[in-house]
2 protein chains.
Amino acid sequence: MKPIRKLCSLGSHRVLEPAGVLPQVARKLDATPVAHANEILCDVEALNIDSASFRQIVEASDGDVARVAAHVLALVADRGKHHNPVTGSGGMFVGRVRAVGAGLTGHAGLKAGDRIASLVSLTLTPLRIDAIDRIDMATGRIWIRGTAVLFETGLYAALPDDLPDDVALAVLDVAGAPAQVRRLVLPGQTVAVVGADGKSGLLACAQARERAGPAGRVVGIGPDRATAGARLLVDAGYVDTFVEADARDVFAILAAIPDALPELADVTISCVNVPGTELSSILLTKDRGTIYFFSMSTSFTAAALGAEGVGKDVTMMVGNGYAKGHAATALQTLRDNPPLRRYFIERFAATAPAATPVS
Amino acid sequence: MKPIRKLCSLGSHRVLEPAGVLPQVARKLDATPVAHANEILCDVEALNIDSASFRQIVEASDGDVARVAAHVLALVADRGKHHNPVTGSGGMFVGRVRAVGAGLTGHAGLKAGDRIASLVSLTLTPLRIDAIDRIDMATGRIWIRGTAVLFETGLYAALPDDLPDDVALAVLDVAGAPAQVRRLVLPGQTVAVVGADGKSGLLACAQARERAGPAGRVVGIGPDRATAGARLLVDAGYVDTFVEADARDVFAILAAIPDALPELADVTISCVNVPGTELSSILLTKDRGTIYFFSMSTSFTAAALGAEGVGKDVTMMVGNGYAKGHAATALQTLRDNPPLRRYFIERFAATAPAATPVS
């Protein structure tokens with residue numbers, strides 16, 4: 001069956017197998033570097049691998065940079081996209097527009113040469129890697145030579161002028177987290193952020209602090225209070241308190257609750273990058289409260305059955321990576337919070353020298 | 001470490017491995033048939049296996065009833081609970097209280113001899129099966145001899161007097177669906193129910209029809225318009241229209257949208273029991289609409305990345321099996337809708353003769 005026009009906008013014409021599915025569900029995409037009429041072809045400079053996916057790949061490669069590179073090359077060659085079959089997640093890319101399809105010429109003024117970041121997952125983005133140059137083992141950034149294709153419905157953001165590219169990319173990668181916090185948190189509420197000292201957690205805390213206001217309370221939770229992120233949260237006042245606890249250990253979480261969250265949280269944001277923390281988020285949240293699972297390592301059944309199992313009537317939300325205006329909200333969160341901005345610049349703008357060359 | 005009192009209420013003292021987790025996460029539970037001070041020991045009469053789990057077991061057993069029985073026996077003997085490792089889901093049980101722990105003597109008036117249905121998942125319920133007597137291959141009910149343990153926080157419902165046990169059990173098993181629909185749907189809204197002709201889908205449609213009111217619109221979706229459930233939906237007016245489409249096929253769903261849901265749904269309820277339908281639910285829902293994933297076969301990453309991938313700003317909720325008052329709401333949905341009540345009685349009350357004896 002020849003796909004109808006509507007479907008082409010979702011990229012179904014790039015699916016090699018199985019037939020009849022869209023690119024995210026597909027096992028394999030056609031990553032041929034041409035721009036069809038409704039596509040944008042980009043020269044990719046770097047991939048920002050999803051935290052859960054990168055962690056899994058690093059562990060499977062025993063932390064060896066050459067093996068990580070080989071793993072990613074093989075994965076992308078096999079699937080035509082960076083879609084980690086273990087974690088189900090991908091990441092995003094930054095690059096320069098090489099060609100805009102004939103049918104999209106007026107598409108938001110985009111033209112060849114523009115530098116953009118993709119805001120759709122690499123799990124549905126046709127990707128070809130010719131070579132991997134460097135890998136930052138600390139952040140999951142991979143500098144490559146290669147090409148990617150954006151579909152008509154694919155989201156992207158022009159890279160801003162007032163922030164280094166790498167910093168903007170790091171923020172855009174998790175743009176959904178601060179944008180959703182801005183929607184969910186009301187003045188005076190108590191907010192718990194699990195995995196608070198990571199990239200999405202920091203942005204979530206800063207946004208929660210602003211939204212909850214002076215009458216509210218923000219509690220950050222992470223396994224180590226000595227990380228740079230944890231210290232930033234406390235020093236800049238993005239959290240009222242930081243609880244040192246591993247969210248995989250419900251015993252530790254339960255022990256921390258009486259002091260840190262005696263009335264539990266109205267809103268809990270899960271930004272962890274490890275599995276097995278769903279029940280801790282549930283136990284931290286009050287009845288009729290809301291849990292926002294931003295983490296891609298969330299298990300649907302663990303969340304659903306966990307809440308039922310402890311008789312907790314909570315609203316649990318799947319972290320949608322997209323929300324209208326999320327890129328602008330996320331970048332503004334950084335601009336509005338100078339200590340956070342400095343931290344992101346220190347950590348992400350200078351990654352190139354720290355990255356390990358491959359080969 | 002000896003668990004502290006708080007944790008015992010969640011059943012951690014029954015965890016055999018690994019250490020430091022709660023029963024739902026545990027690989028193996030101690031199902032010894034005694035009632036500790038904060039436990040309720042029950043003689044189990046029947047298990048109601050979760051639809052996704054039962055389907056997987058039946059498929060793995062090539063539909064052979066003896067092999068299904070052997071599969072379930074081995075699974076429960078191995079884990080001390082019915083926790084399907086493939087689907088991550090379980091089910092519930094009905095039985096008679098044998099003993100109430102000394103510390104729970106006044107527990108809501110519960111006493112030995114009372115007949116109850118568990119409202120917590122079998123994935124966290126210590127279960128011992130001495131023998132399997134009969135299996136209803138159509139509904140996933142399994143009549144056994146054995147015992148189960150409820151913890152202090154474990155939810156249960158006394159079986160009502162005005163409905164046959166089997167019918168009450170069938171309803172209570174999916175009580176979260178109609179209860180959440182009642183909360184989510186507002187008068188005048190458009191509701192799509194995916195997997196509408198199954199047990200949870202039927203209750204969801206009836207509740208949605210009532211809540212949406214005459215100005216609202218309810219659309220049921222399922223792969224076959226000739227099923228008894230699909231015909232009930234149309235004949236009793238629980239849906240305004242029934243769309244015959246397999247939700248795994250996004251092409252079919254997209255083709256149906258212009259006629260059935262030209263403005264898309266405000267609220268979509270996913271009640272399917274097969275994987276791979278997340279994107280269809282997303283495509284059926286309007287921007288800023290809500291999707292309630294009641295189905296245990298939902299993939300968290302497929303939902304999260306699917307919405308992002310097509311640039312759809314929707315609120316996606318994890319189906320919490322528990323909501324305050326959900327048992328009462330679900331049973332009342334049946335009482336308020338005589339055609340639905342008749343259907344459930346025809347289908348579930350008379351299952352015993354249809355069930356296949358094992359051995």
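Within region A:44-59, can one find any residue that is surrounded by fewer than 16 Cβ atoms within 10 Å (Cβ to Cβ) and free of Cβ contacts under 8 Å to residues at least 60 places away in the same chain?
The answer is yes, given that some residue of region A:44-59 is surrounded by fewer than 16 Cβ atoms within 10 Å (Cβ to Cβ) and free of Cβ contacts under 8 Å to residues at least 60 places away in the same chain.
I'm trying to understand the selection: among the residues of region B:1-14, which are within 11 Å of another protein chain (Cβ to nearest Cβ), at pLDDT 50 or above and outside any loop (DSSP other than H, G, I, E, B)?
Selection gives B:Ser12 alone.
For A:Phe294, which of the numbered conditions (1) within 9 Å of chain B (Cβ to nearest Cβ); (2) open to solvent by 10 Å² or more (accessible area, probe 1.4 Å); (3) farther than 19 Å from A:Asp197 by Cα fails to hold?
Condition not satisfied by A:Phe294: (3).
Select from region A:218-228 the residues that are closer than 21 Å to A:Thr277 by Cβ and surrounded by fewer than 22 Cβ atoms within 10 Å (Cβ to Cβ) and list them in ascending order.
Hits for region A:218-228 are A:Pro223, A:Asp224, A:Arg225, A:Ala226, A:Thr227.
Only one of (1) touching a residue at least 60 places away in the same chain (Cβ under 8 Å); (2) surrounded by 23 or more Cβ atoms within 10 Å (Cβ to Cβ) is not met by A:Asp266, so which one is it?
Going through the list (1) touching a residue at least 60 places away in the same chain (Cβ under 8 Å); (2) surrounded by 23 or more Cβ atoms within 10 Å (Cβ to Cβ), A:Asp266 breaks only (2).
Here is a list of conditions, (1) modelled with pLDDT under 95; (2) within 23 Å of B:Ile57 (Cβ to Cβ); (3) of a type in the set (A, V, I, L, M), and B:Ala168 meets all of them except one; can you say which number that is?
Just one mismatch for B:Ala168, condition (2).
If the requirement is being under 29 Å from B:Gly88 (Cβ atoms) and either of a type outside the set (A, V, I, L, M) or at pLDDT 95 or above (or both), which of these qualifies: B:Pro262, B:Pro275, B:Pro258?
Answer to the selection: B:Pro275.
When you check B:Val76 against the structure, is it away from every other protein chain (no Cβ under 14 Å), part of a strand (DSSP E or B) and either within 23 Å of the chain's Cα centre (by Cα) or at positive phi (or both), yes or no?
Considered against the rule, which asks whether it is away from every other protein chain (no Cβ under 14 Å), part of a strand (DSSP E or B) and either within 23 Å of the chain's Cα centre (by Cα) or at positive phi (or both), B:Val76 comes out as no.
Considering only region B:324-347, state which residues are in contact with a strand residue (DSSP E or B) (Cβ under 8 Å, 6 or more places away or on another chain) and at pLDDT below 90.
Within region B:324-347, B:Lys324 is the sole residue that qualifies.
Among A:Gly309, A:Gly321, which is buried (at least 20 other Cβ atoms within 10 Å of the Cβ), facing another protein chain (nearest Cβ under 7 Å), modelled with pLDDT under 90 and within 22 Å of B:Leu10 (Cβ to Cβ)?
Numbers: A:Gly321 fails: within 22 Å of B:Leu10 (Cβ to Cβ).
Being buried (at least 20 other Cβ atoms within 10 Å of the Cβ), facing another protein chain (nearest Cβ under 7 Å), modelled with pLDDT under 90 and within 22 Å of B:Leu10 (Cβ to Cβ) holds for just one of A:Gly309, A:Gly321, which is A:Gly309.
Could you please find all residues in region A:228-267 being of a type in the set (Val, Ile, Thr) and within 23 Å of A:Asp336 (Cβ to Cβ)?
Across region A:228-267, the qualifying residues are A:Val234, A:Val239, A:Thr241, A:Val267.
Please go through region B:60-72 and give me each residue that is aliphatic (A, V, I, L, M), surrounded by fewer than 17 Cβ atoms within 10 Å (Cβ to Cβ) and closer than 22 Å to B:Gly88 by Cβ, ordered by number.
Matches in region B:60-72: B:Ala60, B:Ala70.
Among the residues of region A:146-190, count how many are open to solvent by 40 Å² or more (accessible area, probe 1.4 Å), more than 14 Å from chain B (Cβ to nearest Cβ) and of a type in the set (D, E, K, R).
Looking only at that region, the number is 3.
Rundown of residues vs (1) closer than 20 Å to B:Arg182 by Cα; (2) in contact with a helix residue (DSSP H, G or I) (Cβ under 9 Å, 6 or more places away or on another chain), yes/no style:
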{"position": "B:Gly289", "(1), (2)": "yes, no"}
{"position": "B:Phe293", "(1), (2)": "yes, yes"}
{"position": "B:Phe300", "(1), (2)": "no, yes"}
{"position": "B:Gly306", "(1), (2)": "no, yes"}
{"position": "B:Lys312", "(1), (2)": "no, yes"}
{"position": "B:Met317", "(1), (2)": "yes, yes"}
{"position": "B:Asn337", "(1), (2)": "yes, yes"}
{"position": "B:Phe348", "(1), (2)": "no, yes"}
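Got a number for residues in region B:83-117 being free of Cβ contacts under 8 Å to residues at least 60 places away in the same chain, in contact with a helix residue (DSSP H, G or I) (Cβ under 9 Å, 6 or more places away or on another chain) and of a type in the set (S, T, N, Q)?
Final tally of qualifying residues: 1.
Being surrounded by 24 or more Cβ atoms within 10 Å (Cβ to Cβ) and either among the aliphatic types (A, V, I, L, M) or not in a helix (DSSP H, G or I) (or both) is the filter here, so list the residues in region A:191-207 that pass it.
Residues satisfying the conditions are A:Val191, A:Ala192, A:Val193, A:Val194, A:Gly195, A:Ala196, A:Asp197, A:Leu202, A:Leu203, A:Ala204, A:Ala206.
Return yes or no: is A:Val314 modelled with pLDDT of 95 or more and either on the phi < 0 side of the Ramachandran plot or more than 7 Å from chain B (Cβ to nearest Cβ) (or both)?
yes
Within region B:238-255, how many residues turn out to be surrounded by fewer than 24 Cβ atoms within 10 Å (Cβ to Cβ) and at pLDDT below 95?
6
Within region B:232-248, which residues are farther than 16 Å from B:Gln207 by Cα and within 22 Å of the chain's Cα centre (by Cα)?
B:Asp246, B:Ala247, B:Arg248
Scan region A:16-36 for residues that are at pLDDT 90 or above and open to solvent by 30 Å² or more (accessible area, probe 1.4 Å) and jot them down.
If the condition is that a residue be at pLDDT 90 or above and open to solvent by 30 Å² or more (accessible area, probe 1.4 Å), then A:Leu16, A:Glu17, A:Pro18, A:Arg27, A:Lys28, A:Asp30, A:Thr32, A:Pro33, A:Val34, A:Ala35, A:His36 are the ones that fit.
Here is a check on your reading of the model: is A:Ala247 in contact with a Phe, Trp or Tyr (Cβ under 7 Å, 6 or more places away or on another chain) and among the aliphatic types (A, V, I, L, M)?
The answer is no for A:Ala247.
For A:Ala46, state whether it is assigned to a strand (DSSP E or B), within 21 Å of the chain's Cα centre (by Cα), among the small types (Gly, Ala, Ser) and modelled with pLDDT under 95.
yes
Checking B:Ala77 against (1) open to solvent by less than 60 Å² (accessible area, probe 1.4 Å); (2) free of Cβ contacts under 8 Å to residues at least 60 places away in the same chain; (3) over 17 Å from B:Asp173 (Cβ atoms); (4) of a type in the set (A, V, I, L, M), only one condition comes out false. Which one?
(1)
Kindly establish whether B:Thr123 is within 14 Å of another protein chain (Cβ to nearest Cβ), under 20 Å from the mean Cα position of the chain (by Cα) and touching a residue at least 24 places away in the same chain (Cβ under 8 Å). First the steps, then the outcome.
Details: within 14 Å of another protein chain (Cβ to nearest Cβ): yes; under 20 Å from the mean Cα position of the chain (by Cα): yes; touching a residue at least 24 places away in the same chain (Cβ under 8 Å): yes.
Against the criterion (within 14 Å of another protein chain (Cβ to nearest Cβ), under 20 Å from the mean Cα position of the chain (by Cα) and touching a residue at least 24 places away in the same chain (Cβ under 8 Å)), B:Thr123 qualifies.
Can A:Arg342 be described as open to solvent by 20 Å² or more (accessible area, probe 1.4 Å) and within 14 Å of chain B (Cβ to nearest Cβ)?
no
The values are calculated or read from the model by the stated rules, or taken from the named source; none is laboratory data. Remember, it's a predicted structure, so these values are computed and weren't measured experimentally. Every residue, glycine as well, gets a Cβ built from its backbone with ideal geometry; the counts of neighbours run over all protein chains shown. Areas reflect the complete protein model, heavy atoms only, side chains present, ligands, DNA and RNA absent. Shrake-Rupley method; radii C 1.70, N 1.55, O 1.52, S 1.80 Å.
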